[in-house]
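Note sheet for the following structure.
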Amino acid sequence: MLTIQNLTKAFGANKAVDNVSLHFDRPMMIGVIGASGAGKSTLLRMLNRLETETSGTITFEGREISALKGGDKRRWQADCAMIFQQFNLVPRMDVVSNVLHGTLNRRSTIATMFNLYPQADIHRAIDILDRLGIAAHAAKRAEALSGGQQQRVAIARAVMQNPKIVLADEPIASLDPMNAQIVMDDLRRIHDEDGRMVIANLHTLDTARRYCDRVIGMRAGRVVFDGTPAQLTTGVARDIYGADASFSEAATSTSIDTLDRPTQAKRAERA
Ligand SMILES: Nc1ncnc2c1ncn2[C@@H]1O[C@H](COP(=O)(O)OP(=O)(O)O)[C@@H](O)[C@H]1O
Ligand SMILES: [Mg+2]
């Protein structure tokens, strides 16, 4: 399905991503972990062509992504929606309009200029917000929402694109443990219920262990671990993070594990 071959990105003499090869044969939920500077963001940015590789190839469903240009490149970018640590919403715009921005790749410039959205798209946006438990905030400005709610709007915007892959770059790094859990639960649902591939850069080990089917560990641009959460032992983690004997899991933990997993009813109540 998705194959990355000998992918390298160099910034001057610094190889941010260094000869990475990975293969995914079905849409899994994948966590990429590693210390700051390991190359996680650069890898994700090359996948959706925000960044161009120095060498190597990315192939998705038989098509070489790195070769796409113009309209084909834009369609690919719509196929792999991106979610960022800082949400990247338009703060003064209402929530529904932010979600509708997820259809931008398909709309004419004139329609965009005048904020003209088909009725069907508006209904769909509200359905998606409802599914994520935040429809009650649809008419509010994005900036009026809490961080956790804003990240759920960003997820709704991504889903609105109907993407094949959702790329999330440290989606919970700015959130408190409770909101971090809600956002990770939502990403997991998008995988489980819609069958989308989710690739999330995560700075915490426990989150990757708990939510992902497969974990990729990066260190200094290279893949140093590729396996299941069960294979991700403390010894392996120490190797990924490059820490010495004083390495402690607590240092890379969000303490999501200490919270109860919320029921749907509780989630709706909180929204
Ligand atoms: N646009 C850029 N220009 C120069 N160096 C960069 C750029 N983006 C990333 N780097 C460097 O590439 C390396 C990997 O960065 P990054 O992919 O952001 O790592 P991570 O997301 O794991 O923290 C770092 O050394 C970083 O300084
Ligand atoms: Mg990063």
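The values are calculated or read from the model by the stated rules, or taken from the named source; none is laboratory data. Source: prediction; values computed, not measured. In this analysis, Cβ positions are derived from the backbone assuming ideal geometry, glycine residues included, and neighbour counts consider all displayed protein chains.
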Sole residue being part of a helix (DSSP H, G or I) and closer than 25 Å to residue 211 by Cβ, chosen from 122, 172, 128: 128
Subset of region 220-271 that is at pLDDT below 95 and of a type in the set (Lys, Arg) - its residue that is nearest to residue 44 (Cα to Cα): 238
All positions within region 51-96 that are under 14 Å from the mean Cα position of the chain (by Cα), of a type in the set (A, V, I, L, M, F, W, C) and on the phi < 0 side of the Ramachandran plot: 78, 80, 81, 82, 83, 84
Any pair with Cβ under 8 angstrom, 6 or more apart, that starts in region 59-70 at a residue that is free of Cβ contacts under 8 Å to residues at least 24 places away in the same chain and farther than 14 Å from residue 5 by Cβ and ends at one that is surrounded by 15 or more Cβ atoms within 10 Å (Cβ to Cβ) and basic (Lys, Arg): 68/49
Scope region 6-31; condition more than 16 Å from ligand 2 (Cβ to nearest atom), surrounded by fewer than 16 Cβ atoms within 10 Å (Cβ to Cβ) and not hydroxyl-bearing (Ser, Thr, Tyr); matching residues: 6, 10, 12, 13, 19, 23, 25, 26
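Considering each residue of region 38-81, count those that are away from ligand 2 (no atom under 16 Å from the Cβ), among the charged types (D, E, K, R) and assigned to a loop (DSSP other than H, G, I, E, B), and give that number.
So in region 38-81, the residues away from ligand 2 (no atom under 16 Å from the Cβ) come out as 49, 52-81.
So of that shortlist, the ones also among the charged types (D, E, K, R) come out as 49, 53, 61, 63-64, 69, 72-75, 79.
With assigned to a loop (DSSP other than H, G, I, E, B) added as a condition, the list becomes 49, 53, 61, 69.
So the count comes out to 4.
Assess whether residue 31 counts as being under 28 Å from residue 189 (Cβ atoms), assigned to a strand (DSSP E or B) and in contact (Cβ under 8 Å) with a residue 24 or more places away in the chain. Outline the logic, then answer.
On the way: under 28 Å from residue 189 (Cβ atoms): yes; assigned to a strand (DSSP E or B): yes; in contact (Cβ under 8 Å) with a residue 24 or more places away in the chain: yes.
Here the answer is yes, as residue 31 does meet what is asked.
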Looking only at region 32-48, and only at residues there that are within 6 Å of ligand 1 (Cβ to nearest atom) and not polar (S, T, N, Q), the one that is surrounded by the fewest Cβ atoms within 10 Å (Cβ to Cβ): 37
Subset of region 49-62 that is touching a helix residue (DSSP H, G or I) at 6+ places or on another chain (Cβ under 7 Å) and within 13 Å of ligand 1 (Cβ to nearest atom) - its residue that is farthest from residue 83 (Cα to Cα): 53
Residue that is surrounded by the fewest Cβ atoms within 10 Å (Cβ to Cβ), among those in region 55-84 that are of a type in the set (S, T, N, Q) and closer than 17 Å to residue 22 by Cα: 55
Those residues of region 167-198 which are touching a Gly at 6+ places or on another chain (Cβ under 8 Å) and either within 17 Å of residue 80 (Cα to Cα) or not small (Gly, Ala, Ser) (or both), in sequence order: 175, 176, 178, 179, 182, 183
